[in-house]
Every structure is written in C-alpha cells, then in structure tokens.
Amino acid sequence: MFARRLTSRLLINSLERTNRVLVRDFDKPKQRAAQRALELVRDGQVIGLGTGSTAKFAIEGLGRLVQEGLTVKAVPTSIATEDLAKQLGIPLFSLNDAGVIDITIDGADEVDPDFNMIKGGGGALTREKLVALASVKRVILVDESKLVLKLGQTRQLPVEVLPFASSMAARLLTDLGCPTSLRTQAGAPFVTDNGNHILDCSFGAIDDPAELEKRINLVPGVVECGLFIGIADQLVIGFDDRVEVRDRST
C-alpha cells in the first residue's frame, strides 16, 4: 500500500513538473517578443501599455527598466494593466493628460498578412483602439499561432455594446450574418472597464474586414468592435527559437 501511494505521488509530481515546463515553453515566444519590443523604448517617451498575456510580459519588462532608471510616462488600456503598472512603479497618465503617445506596445488575438487584427479577447478593445490611434508608432506582439490568412478563422469578433441596447445590437448584428453570444463571467454578463457588455460574433473567415468594421460601427448600440484596420505599424513575432520583426508596407 505504501509503495502504491509513493508511486502515485511520484507520478503526480512528475506530471506537475511537466505541466510547469509546458507553460514556461508556451510563454517563451511571448517573452522573446516582449523583450525585443522593449528595445524600441527610449528615455522620456510616453508609452501606451496594452492588455493581455503577451502585453503583460512587456509591462513587467518595462517595470524593470524603470527600476533601473528609465524615465517614461505610460497610458494603460485597462484597469488590469493600470494595477500591474502601479505595482511595478511605472508612472501613469490618463489618455486626456498624456496627449500624443510616442509608442504603444500591445498584443493581438489574430493578425492577417495586411497587419489587420482582431483584438478584444480580454474585453479592453475600446481603450486599446483609442490609445493605439493616439500613438505615433503601434507595435504589436504576437506568437506565430496568432498569424492567420483571414481574420475570424480562429477567433470570434468581440463587439462592445451599451447594456441598454445589447439585445437590439445583437439582432442587428445577426442581420449582418453573425450569430452572437453575450459574453459572461461567473454566470453574469461580462462588464468592460467602460461599464458595457461584449457580444462575441462568429463571422467565420472575414473577406473584407475594413468594410465589416464600418458596417458594425454603424449598428445602433455598438460602442466599438474588435477589428483593428490599418493600425499596426510593426509586428514583433515570437517563435520557439527566434524573433522576427516585420514592418507594414505603406
């Protein structure tokens, strides 16, 4: 009996170690991309801080640089990012106070060959888009799994909507050919940092993302959608063994 318990415990410990290694290996491309992106940061800049698992590595790296003496100001794209930046001692400003942002570093859920993106898996799409549009340079960090031929192939499209009109917006989005589902959290509607709801839309592969963005944003009740068209200037792509930096052709 003791031998069986010992064998079971050894097996559990081995599986736990394996899982930790797999998690670390999964994160390595993201960490590489974040490290490379931070090479673009200069002293005295105003920096937009993205939201999500990949952006988190960049924020943590920026915090270390600040502790080493780098002087920057930052604009967070979510309350979660704001909380993390505060913990790391990164000076923060609101978008209204910051004015023009020198560089924004953020992640993406999907990126197509034209650098168009789907973002908003974490629910911060509206603030992410506003901060990106206020930025001189927009740098997007991804691993190779986020590269797709057409947007919508692997991810649903998030659309932020007013709670007052969420049902109407859902009906009108369905008329555009998109089954929608209200995003929930702990059994209740997910609430964005802006106090709104998210409709996740299953368009499938999107042939004309620019046109679709225009049509969605004309739907009554829609605040913003997760299509980011012509916004990314540079991709920093983490692979298992290297990092690639790609610039959008003009």
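Read the figures in this text as sums done on the coordinates, not as results from a lab. What you are looking at is a predicted structure, and each value in this text was computed from that prediction instead of being measured. Cβ: placed from backbone, ideal geometry, glycine included. Neighbour counts: every protein chain shown.
Once you charge only the Cβ atoms, +1 for Lys and Arg and -1 for Asp and Glu, what is the size of the charge dipole of the range 157-224 about its Cα centre, to the nearest 20 debye?
Details: 4 positive and 9 negative charges, 53 e Å.
Using Cβ point charges on Lys, Arg, Asp and Glu, the range 157-224 gives about 260 debye.
Which helices, counted as full DSSP H runs in the chain, have an axial Cα extent of no less than 20 Å and a Kyte-Doolittle average of -0.5 or above?
Values: long enough: 2-38 (52 Å, -0.66); 53-67 (22 Å, 0.33).
Passing helices, by number: 53-67.
Calculated from the structure, Cα extents along the principal axes in Å equals which of (1) 45, 45, 38; (2) 65, 51, 34; (3) 49, 45, 45?
Answer label, from the structure shown: (2).
Can you give the net charge of the other residues whose Cβ lies under 14 Å from the Cβ of A33, counting K and R as +1 and D and E as -1?
Details: positive: K28, K30, R32, R36, K56, K146, R242, R246; negative: D27, E39, E60, D106, D143, E144, D240, D241, E244.
Cβ neighbours under 14 Å give a net charge of -1.
Please give me the summed charge of the neighbours of A169: other residues whose Cβ is under 14 Å from its Cβ, Lys and Arg +1, Asp and Glu -1.
On the way: positive: R171, R183, R215; negative: E160, D175, D200, E224.
Combined, the nearby Lys, Arg, Asp and Glu give -1.
Rg to Rh ratio, the range 145-200, alpha-carbon atoms and Kirkwood radius?
1.02
In debye, nearest 20, what is the charge dipole magnitude of the chain about its Cα centre with +1 on Lys and Arg Cβ and -1 on Asp and Glu Cβ, if you could check?
Numbers: 30 positive and 33 negative charges, 194 e Å.
For the chain, the charge dipole is close to 940 debye.
Could you grab the relative contact order for the chain? Cα pairs under 8 Å, six or more apart, rounded to a whole percent. Numbers along the way, then the final one.
Details: 503 pairs, mean separation 53.6, N = 250.
It rounds to 21 percent for the chain.
Cα-Cα over 25 Å: which of K56/K129; K73/K129; K86/K146; K56/K137; K146/K214; K56/K146?
On the way: K56/K129 17 Å; K73/K129 19 Å; K86/K146 29 Å; K56/K137 19 Å; K146/K214 23 Å; K56/K146 17 Å.
Long pairs (Cα-Cα over 25 Å): K86/K146.
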